[in-house]
There are 6 protein chains.
Amino acid sequence: MTNKIAVFRRARFNAAHRLYCKDWSFEKNDEVFGKCNNPSFHGHNYSLEVKLIGNVDPETGFLINLNELKDILKEEVEDRFDHKNLNLDCEEFAQLNPTVENITIVIYNLLRKRLDENKYEIVVRLYETENNYAEYPIL
Amino acid sequence: MTNKIAVFRRARFNAAHRLYCKDWSFEKNDEVFGKCNNPSFHGHNYSLEVKLIGNVDPETGFLINLNELKDILKEEVEDRFDHKNLNLDCEEFAQLNPTVENITIVIYNLLRKRLDENKYEIVVRLYETENNYAEYPIL
Amino acid sequence: MTNKIAVFRRARFNAAHRLYCKDWSFEKNDEVFGKCNNPSFHGHNYSLEVKLIGNVDPETGFLINLNELKDILKEEVEDRFDHKNLNLDCEEFAQLNPTVENITIVIYNLLRKRLDENKYEIVVRLYETENNYAEYPIL
Amino acid sequence: MTNKIAVFRRARFNAAHRLYCKDWSFEKNDEVFGKCNNPSFHGHNYSLEVKLIGNVDPETGFLINLNELKDILKEEVEDRFDHKNLNLDCEEFAQLNPTVENITIVIYNLLRKRLDENKYEIVVRLYETENNYAEYPIL
Amino acid sequence: MTNKIAVFRRARFNAAHRLYCKDWSFEKNDEVFGKCNNPSFHGHNYSLEVKLIGNVDPETGFLINLNELKDILKEEVEDRFDHKNLNLDCEEFAQLNPTVENITIVIYNLLRKRLDENKYEIVVRLYETENNYAEYPIL
Amino acid sequence: MTNKIAVFRRARFNAAHRLYCKDWSFEKNDEVFGKCNNPSFHGHNYSLEVKLIGNVDPETGFLINLNELKDILKEEVEDRFDHKNLNLDCEEFAQLNPTVENITIVIYNLLRKRLDENKYEIVVRLYETENNYAEYPIL
């Protein structure tokens, strides 16, 4: 047990995507990805939960000023992915299948660059639906 | 006050769409529909709530057998719209902008044909996001 | 449009039940009620939403003192049905199939006796699951 | 049954308040309002659901442009009440007990002035907690 | 920190149960288990959250094909426990008190047999009510 | 992996608070805490999730009797903080800024004194809003 604490903040974005491997036949993609392989896309309301771990500032009582974190989530996640087609509009997924696993890792890497590694560990959880979600990394 | 009761059943579908008027310029669509006018589409997890109003069968204690209603919702709504692009894949929206209002009315009309008018009034509520939803008709 | 307002209060109870008609064969019950006809029972977390309609007291700003309503819900609903077998333990369902429709009507009648008809209209909504619920009466 | 449709939009605000009648003794307020009468205040996360009823524009498929409604809710509700003490900071409650009933009616009146009566009926639902909420008016 | 990721999937079942120790008197069971000791049973809507931890397949972007996981959850959990009396119908609880803790461990063991130990760690969280749940194991 | 299990229990309280540092100017507090620095306070519906980790009693199948835990949460958390002004009414925050981080740590310390350290590890998660919450400690 450490003295550390975690703070969580949610963000949301609504996007279209298609799951498929470009090197595979339509039949093989259909077999593996089923209706997620629809060539004209489908979409989701993604709900993101970001967890930061670190030490509370004894003066303010904050781990992080949540307004600062809110702005980072807006810039790195909402402005980038909201009301977008992940396959067509987002360079992050030009060569990467936009599964919930891969979107989670992409968001982790985007946030990691913006938040001081010496101050914060980060865990990202992404809900694709209420029944289906991913979390990265495993600390 | 009548002797009638209402029973509700939920269904869900995940779909892509774009909001725009075909006769308008991109600029005018952009002004009215904003980021919902993204030409490469975005998407949502739609959550549907169907309300049937009628009389309880005194023998079974059912207004309707919910397995029957579940099957109708699967055929008319989930099989038709889940993992689809509403603009490209669904003839219902070939000439109709797939706003949450219009999708709600379309679903009402699909269900109205399948449920006996002498037995059931119907109200359809459709959630596009947790903050934004529509209901039709107003009884 | 009237000057009236509605106030809602929730309550909860967890109960076992079986759906079947005593006069029917097991085969007919199985056909109509499916797995809900399990003779050793199954159960639910029921969530109740009571809506009272009436006039706000201009002095207190209350339609009803919610502590009073909370006590009535505890006595009439929670103490009566929580952690009970509706078929075996509750006289209300000795001759009545405990469908979500019938439980809703029973609760309405129990509350109607306890709340002044000149002051309050009542609507009861009962969730058997998050996907399946009933409402009574239809005003 | 009319041709009308309803569209709903949510907003949120977090506020402090105290329930009491200025003309009453502390003892009488304590008897009626219990711990809600704490003179140093308590608070809630209020969640607002606004329902507009009217006709869909056949060209856009909108009852109302939700960006317009979102701005009105921000100006009339969130900017006015969020992170405020309803009793001390808000003139609407200078002479009015901020019960969930009264806050609901106040918000209805604020929104009624901003939305065209010829185009939209309005119903306001306000959640004080997940178990306790009000709705006004009763159409 | 590892390179691993977690994926979560939900399932649901509705069941009856009674909590008691067979070797104890009714009085002692009543003292320890209270109204959960009702001999005619009560019930719950159980909500299950299964977490798998492992490596993403670089080709598909999947940790596991969720259709495969969905089928396993249907076979091992939903078909086994939904609309059942855990005490009377389920051999897993013939000698084991069906507390939320024990049901969680039983489900973990059922799933552990079906999912490759070299590929996936598993954590099971089971909600008996929204206020009361268990998680196993602690990694 | 150990043989241990976790059990979770929720509790709720509604309170007023103000975020500020007593040694700072109003301007500096305004810059850091924004509208949370309102001198007449604002408030929240706090939702608490307590996680206990330990071994299941093989006879009862309980990690802890949840009625016992429920009573402890009522005494240590609900009776202490519900319908209170955290800054004015609660000695725990006389010298401590009531951020969600600090309230979480205070609750952890209150519960730690009441639950046997040899039997239970404790983790406390506190939701200030649905979008903003904290967890302590990090095991």
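The values are calculated or read from the model by the stated rules, or taken from the named source; none is laboratory data. Note that the structure is predicted; figures quoted are calculated from it, not measured. Please note: Cβ atoms are built from the backbone with ideal geometry, for glycine as well, and neighbour counts cover all protein chains shown. Only protein heavy atoms, including side chains, enter the accessible area calculation; ligands, DNA and RNA are left aside. Shrake-Rupley method; radii C 1.70, N 1.55, O 1.52, S 1.80 Å.
Computed quantities for the displayed model
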{"read-out": "Which listed residue, of F:Leu48, F:Leu19, F:Leu52, F:Leu63, is out of contact with any strand residue (DSSP E or B) (no Cβ under 9 Å at 6 or more places or on another chain), touching a residue at least 40 places away in the same chain (Cβ under 8 Å) and outside any helix (DSSP H, G or I)", "value": "F:Leu19"}
{"read-out": "Near pairs, Cβ below 6 angstrom, 6+ apart or cross-chain, from segment A:66-80 (over 21 Å from A:Ala6 (Cβ atoms)) to any residue that is among the aliphatic types (A, V, I, L, M)", "value": "A:Glu78/A:Ala11"}
{"read-out": "Any pair with Cβ under 7 angstrom, 6 or more apart, that starts in segment D:119-132 at a residue that is over 11 Å from D:Glu49 (Cα atoms) and ends at one that is at pLDDT below 95 and in a loop (DSSP other than H, G, I, E, B)", "value": "D:Glu121/D:Leu139"}
{"read-out": "Selection status of A:Lys84, over 14 Å from A:Ala16 (Cα atoms) and out of contact with any helix residue (DSSP H, G or I) (no Cβ under 7 Å at 6 or more places or on another chain)", "value": "no"}
{"read-out": "Enumeration of residues in segment A:1-28 that are facing chain B (nearest Cβ under 10 Å) and among the aromatic types (Phe, Trp, Tyr)", "value": "A:Phe13"}
{"read-out": "Lone unmet requirement of (1) of a type in the set (Phe, Trp, Tyr); (2) touching a Leu at 6+ places or on another chain (Cβ under 8 Å); (3) part of a helix (DSSP H, G or I) for B:Tyr133", "value": "(3)"}
{"read-out": "F:Asn38 being of a type outside the set (Phe, Trp, Tyr), over 30 Å from E:Ile53 (Cα atoms), at the interface with another protein chain (Cβ under 7 Å from one of its Cβ atoms) and surrounded by fewer than 15 Cβ atoms within 10 Å (Cβ to Cβ)", "value": "no"}
{"read-out": "The lone exception for E:Arg125 - which of (1) over 10 Å from the mean Cα position of the chain (by Cα); (2) outside any helix (DSSP H, G or I); (3) not hydrophobic (A, V, I, L, M, F, W, C) it fails", "value": "(1)"}
{"read-out": "Of the criteria (1) more than 7 Å from every other protein chain (Cβ to nearest Cβ); (2) open to solvent by 60 Å² or more (accessible area, probe 1.4 Å); (3) not polar (S, T, N, Q), which one C:Glu59 fails", "value": "(1)"}
{"read-out": "Residue in segment F:88-139 that is farthest from the other protein chains (Cβ to nearest Cβ), counting only those that are buried (at least 21 other Cβ atoms within 10 Å of the Cβ) and polar (S, T, N, Q)", "value": "F:Thr104"}
{"read-out": "Residue match in segment F:87-101 (condition: assigned to a loop (DSSP other than H, G, I, E, B), free of Cβ contacts under 8 Å to residues at least 40 places away in the same chain, in contact with a strand residue (DSSP E or B) (Cβ under 8 Å, 6 or more places away or on another chain) and under 22 Å from D:Phe41 (Cα atoms))", "value": "yes"}
{"read-out": "A:Lys74 being open to solvent by 20 Å² or more (accessible area, probe 1.4 Å), of a type in the set (D, E, K, R) and over 29 Å from F:Ile103 (Cβ atoms)", "value": "no"}
{"read-out": "Qualifying residue in segment F:41-54 (condition: within 27 Å of F:Phe26 (Cβ to Cβ), within 13 Å of the chain's Cα centre (by Cα) and among the hydroxyl-bearing types (Ser, Thr, Tyr))", "value": "yes"}
{"read-out": "C:Leu73 being assigned to a loop (DSSP other than H, G, I, E, B) and either among the aliphatic types (A, V, I, L, M) or under 10 Å from the mean Cα position of the chain (by Cα) (or both)", "value": "no"}
{"read-out": "D:Ile53 under 21 Å from C:Leu66 (Cα atoms) and of a type in the set (A, V, I, L, M)", "value": "no"}
{"read-out": "In segment F:1-35, residue least open to solvent (accessible area, probe 1.4 Å) [restricted to those that are more than 20 Å from the chain's Cα centre (by Cα) and closer than 21 Å to F:Tyr133 by Cβ]", "value": "F:Phe33"}
{"read-out": "Matching residues in segment F:74-108 - criterion: being of a type in the set (Val, Ile, Thr) and more than 19 Å from A:Pro58 (Cβ to Cβ)", "value": "F:Val77"}
{"read-out": "Where D:Tyr46 falls short, out of the listed (1) open to solvent by 30 Å² or more (accessible area, probe 1.4 Å); (2) among the hydroxyl-bearing types (Ser, Thr, Tyr); (3) within 14 Å of chain F (Cβ to nearest Cβ)", "value": "(1)"}
